[in-house]
Amino acid sequence: MRLIAIFFGLIFLLVGFRNNQSIELIFPSSWPEPIYNDDNYPLNEQKVELGRALFFDPQLSSDNTISCASCHSPYNAFTHVDHQLSHGINDRIGTRNSPAIFNLAWQKDLMWDGAIHHVDAQALAPINHPDEMGSSINEIVQKLNKDVRYKKAFKSIYSDDLITGERVLKLLGQFMISLVSCDSKYDRVMSGKDKFDEQEKRGYELFCKNCSECHKEPLFSDYSFRNNGLEPDPQLKDIGRMKITQNRMDSLKFKVPSLRNIEFTFPYMHDGRYKKLTEVIDHYDRKIHFSNTLDPILEKGIHFTTNEKVDLVAFLLTLTDKNFMFAPEHGYPKDFFDQK
Amino acid sequence: MIRSIQILILFFSLGVRAQDSIPVKVMYDRFEIQPGKTILFQDDSIRIDVVKFYLTNVVVGGSELSSGLLFDLEKDQNYLLIPISQIDEIQFTLGVDSLTNSNGISGGILDPIHGMYWSWQSGYINFKLEGIHFENGIAEEFNFHIGGFLNGYNCERRIQLQGSSNVSRLELDLYQMLQTLSTDQLKKIMSPGKRAMDLADILADSFFLR
């Protein structure tokens, strides 16, 4: 009986150590509490690491060419630059500009139209989309179960080496939730560690007066769905949020994106129609397209002088967080993929 | 040591209750549907290729079963394991409840590898029916993917059925569901919404203990 007690005691200790690597999100004390509830699946260092490997693994696409990171590069705050619309396997073009991935723990609904309500379900959308990864979670699970690197990694985290759809998706969710961008010059100014120059200061005042209702600090979005006056693209015919809610009042509404790291997340808008920040500001100044669901804030446009536009851009550049973009723990996990 | 093992065996055996099983069948009017087989439908015919659905939160004899069922017409057998041999009453949810949906992804029969989770939006597909309707010499596909739990369109349905002493199976009769093919233009319902809610109501009235 004593031997059995020792045996179960050892198991308890091993499980205890394995689960003892839980991590917490680090963010400024002035920020609101995250919406993401990790009570059922606490953030864990090993799981985040394995989620990162999956995020960078092209095996997640049908022809092993496209990984999540292909359209969500860490060096661009986890989005895709140069292309208006994200492209997937066989150079197929999607219908939307890939959104930047950071601070997801503060977002209730994900994607431009809020189609996804939980981060663990997020990856299924690009995995299944024929113009993105063109695969299925079933196909991925079959591939990964033949990969000794993953078998070994799963064994070290779970009590067995079984690779299931649930585990793969939750690991990807762990990595994405761990991505917190909160170390820009703006953040350092707010915590008293730095100062805006005069131009940035004028830009911040303009921002607070004209932009902050939708791009609410400190996350620089209220993550609501709004029609910001973009003329609908006759080719894409994208009705936005209405596709999900089937409510006409949601027609042409898209999620307000965060302005954090905006210097590196071009092109802009859900369809990537603007390449430069000045084009975006010009849109609000004189290109608002009127429709039934246009946000009332924009009915008269938002007008800036030429100098004000320059000042506003100067402020927006203070939202760049290079420590986030170039953090080694967010980059390609070479050690994992170099394993024999 | 041997005595310790005996105690462990006794401990585990006490935890196991005698179990019975009740088969779950899909019917069209009194005929059991077979995958890929054509059935007569009004003056024409129908071929059913896919029937998949969740029965969850199953309560039999006052106690909830530890697991539900992902019915799949392709499987040789579909049955619920029940703790008693006689069913006086059974309650279950057709689909996945909104709390489980809210929590994201789950495992086991709810693992998305089973193809019952939407990818273009969140949520489990509660019920799938796919096939071909041959009408006046024209073959037309139909796809019904019933689900959704948000924005006022919650398609889970709680079903309660009374049994008798000679219950031998749980049946889903697709007769009423398939009649919609002759009255509706829309043969592809693959989004949450009012139409999916109406079909969920029809399905909720289509289960029987026989």
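Please treat every number below as a calculation from the coordinates, not as lab data. Nothing here was measured: the structure is a model prediction, and the numbers come from that model. Cβ atoms come from the backbone with ideal geometry, glycine included; neighbour counts cover every protein chain shown.
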Base-10 log of normalised Debye intensity for chain A (one unit scatterer per alpha-carbon) at q = 0.08, 0.12, 0.14 Å⁻¹: -0.43, -0.90, -1.18
Net dipole in debye of segment B:20-209 [+1 Lys, Arg Cβ; -1 Asp, Glu Cβ; about Cα centre; nearest 20]: 280 debye
Cut-off under 5 Å, modelled amide H: who pairs with A:Lys253 long-range: A:Arg241, A:Met242
Estimated dipole of segment A:33-180 in Debye, rounded to 20 [Cβ of Lys and Arg +1, of Asp and Glu -1, Cα centre]: 360 debye
B:Asp29 paired with A:Thr278, simple spin-label distance in nm, labels 7 Å along Cα-to-beta-carbon: 7.4 nm
Cα-based convex hull, segment B:20-209, per residue volume (Å³, whole number): 120 Å³
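Which value in Å is the Kirkwood Rh of segment A:121-173 over different Cα pairs? Walk me through the numbers on the way to the answer.
Numbers: mean 1/r = 0.0871 Å⁻¹.
Here the Kirkwood hydrodynamic radius works out to 11.5 Å.
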Computed label-point distance, nm, for sites B:Trp120 and B:Glu141 using a 7 Å Cα→Cβ extension: 1.3 nm
Tilt relative to chain A, helix A:165-177 - C-alpha long axis, 0 to 90 degrees, to 10: 50 degrees
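Give, rounded to the nearest 20 debye, the magnitude of the charge dipole that chain A has about its Cα centre when Lys and Arg contribute +1 at Cβ and Asp and Glu contribute -1 at Cβ.
Working: 41 positive and 47 negative charges, 104 e Å.
That gives chain A a dipole magnitude of about 500 debye.
Over chain B, what relative contact order in percent results from Cα pairs under 8 Å that are six or more residues apart?
Numbers: 417 pairs, mean separation 47.0, N = 210.
So the answer I get is 22 percent.
Within the set A:Lys143/A:Lys334; A:Lys243/B:Lys188; A:Lys47/A:Lys255, which residue pairs have Cα atoms separated by over 18 Å? Let's see the in-between values first.
Working: A:Lys143/A:Lys334 20 Å; A:Lys243/B:Lys188 16 Å; A:Lys47/A:Lys255 29 Å.
From the list (A:Lys143/A:Lys334; A:Lys243/B:Lys188; A:Lys47/A:Lys255), the Cα-Cα distance tops 18 Å for A:Lys143/A:Lys334; A:Lys47/A:Lys255.
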Reachable aspartates and glutamates from A:Lys287, criterion Cα separation under 13 angstrom, eight or more residues apart if same chain: A:Glu231, A:Glu279, A:Glu299
From phi via Karplus (6.51, -1.76, 1.60), per-residue ³J(HN,Hα) for segment A:69-77 in Hz, x at Gly/Pro: 5, 4, 9, 10, 7, x, 6, 10, 6
Per-residue ³J(HN,Hα) for segment A:189-199, Karplus 6.51 cos²θ - 1.76 cosθ + 1.60, θ = phi - 60°, Hz, x for Gly and Pro: 5, 5, 8, x, 9, 8, 9, 5, 7, 4, 5
Inter-label distance for A:Lys108 and A:Val81, nm, one decimal - labels placed 7 Å from Cα along Cα-to-Cβ: 3.4 nm
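Taking the Cβ of each residue in A:Met133, B:Met177 as the centre, tally the other Cβ atoms inside 10 Å and list the residues starting with the fewest. It would help to have the intermediate numbers written out before the result.
Numbers: A:Met133 27, B:Met177 19.
Listed from fewest to most nearby Cβ atoms, that is B:Met177, A:Met133.
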Proximal aspartates and glutamates to A:Lys155, defined as alpha-carbon separation beneath 13 angstrom and excluding residues fewer than eight positions away on the same chain: A:Asp147
Most mobile listed residue (A:Lys185, A:Lys287, A:Lys237) in chain A, GNM with C-alpha springs under 10 Å: A:Lys237
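Using just the helices of the protein assembly as shown, give the 222 nm mean residue ellipticity in deg cm²/dmol: DSSP H runs with n ≥ 4 each add -39,500 (n - 2.57), and the total is spread over all residues, rounded to 500. All intermediate terms of the calculation are to be shown ahead of the outcome.
Working: 19 runs with 163 residues, N = 550.
-8000 deg cm²/dmol, from helical runs alone.
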Partners for A:Lys152 among aspartates and glutamates (Cα-Cα distance below 19 Å; same-chain residues under 8 apart left out): A:Glu45, A:Glu49, A:Asp57, A:Asp160, A:Asp161, A:Glu166, A:Asp335, A:Asp338
